[in-house]
Each structure stands twice: as C-alpha cells, then as structure tokens.
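Any read-out appearing in this document is the output of simple, stated calculations on the displayed coordinates, not a laboratory observation. Everything quoted here is computed from the prediction, not taken from an experiment. Cβ coordinates were reconstructed from backbone atoms using ideal geometry, including for glycine residues, and neighbour counts include every protein chain displayed.
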C-alpha cells in the first residue's frame with residue numbers, strides 16, 4: 001500500500017475577501033450629494049446668465065432708443081458721466097466681492113490643512129489595519145461633507161457678488177430707459 005504524502009509546508013487557503021455591507025448605502029448617499037452640488041452649480045449659472053442677458057437686453061434697448069432720442073449735448077454728456085459712474089461703482093463692488101471670495105477660499109484652505117494634520121495624527125494612533133481603514137473611511141466621509149458645505153457657501157457668495165455687480169449698471173440702464181421714454185412721450 002502506498003500512503004499519501006502530505007505537504008507539511010503547504011499554507012492553508014485564505015478566505016475570500018468580504019464586501020462591506022455599507023458600500024451600496026454610501027454610494028447612494030454620495031450620489032445624492034453629487035446631485036445636490038450639480039443642481040446648486042446649475043442654479044447659480046442660470047442666475048448669472050439670466051442677469052447678464054437682462055443687462056444686455058436693457059443696454060441694447062437703451063442704446064437703440066438713445067441714438068434716436070438723445071439730441072442735446074448736455075444729455076449725452078450727463079448720460080455718459082452717469083454711465084461711467086455706474087461702471088466704476090460696479091467694478092468697486094466686483095473687486096470687494098472677489099476679495100471676499102478669495103478670503104473665504106484661503107479660510108477653507110487653512111481649515112482643510114489643519115483638519116488634515118489632525119487626521120494624520122489620529123491615523124498614526126491606529127494599532128490595527130482594520131482600525132486604520134475604518135478611521136480613514138470616517139475621515140474621508142467627513143471631508144466630503146465639509147467640501148459640500150464650503151462649496152455651497154462659495155456658490156452662494158458668487159451669486160451674491162454677481163447680483164451686486166450688476167445692480168448699479170441695471171439702475172443706470174433703467175434710468176436711461178426711463179429718461180428716453182419720458183422724452184419720447186413729450
């Protein structure tokens with residue numbers, strides 16, 4: 001009889017890797033957050049484009065009517081000065097708004113760096129790979145949530161800056177249209 005030889009150096013088979021049960025829920029939650037961010041971006045873009053289109057329409061209407069109605073030199077000079085004042089005011093508002101956006105961006109960057117340093121310290125305290133990956137997963141989720149919140153703030157501030165920028169120009173265009181309309185009626 002022949003005996004079967006067993007290999008004493010053979011390694012036992014490794015169990016198959018288990019899939020996390022939270023993968024689907026986290027994927028769905030991340031997708032919902034992406035949809036919210038996309039909707040916010042689209043809404044902000046639409047508002048800015050609408051403001052630009054309205055301003056262009058008003059400027060074109062004022063320019064067309066203005067060439068027909070403004071006859072006296074004083075009206076042209078006064079209108080030009082008021083228009084320049086409106087543009088200067090709008091540019092001052094834009095510069096302040098961009099400065100505010102820049103300040104907020106650097107605040108976000110500073111906060112992110114501080115949070116990353118804290119996270120690194122926490123990760124170095126982990127004693128097992130499981131603990132490390134669990135903590136890393138929690139930190140990634142928290143960072144993602146923070147990014148969404150800060151992006152929403154930046155988006156809202158950008159829309160406010162655009163609205164504030166176009167306000168003086170819109171007022172000037174409205175005043176010009178009103179002035180032209182009064183001259184047409186008279």
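With respect to the numbered conditions (1) in a helix (DSSP H, G or I); (2) farther than 30 Å from residue 47 by Cα; (3) without any contact (Cβ under 8 Å) to a residue 24 or more places away in the chain, which one is the sole condition not fulfilled by residue 126?
(1)
Go through 182, 122 for me and flag whichever is over 28 Å from residue 81 (Cβ atoms) and loosely packed, with under 15 Cβ neighbours inside 10 Å.
Answer to the selection: 122.
Could you list all residues from region 158-179 that are crowded, with 16+ Cβ neighbours inside 10 Å and under 19 Å from residue 89 (Cα atoms)?
Passing the criteria: 158, 159, 161, 162, 165, 166, 168, 169, 170, 172, 173, 176.
Here is a list: 132, 151. Which entry is touching a helix residue (DSSP H, G or I) at 6+ places or on another chain (Cβ under 9 Å) and over 30 Å from residue 96 (Cβ atoms)?
None of the others qualify; the one that does is 132.
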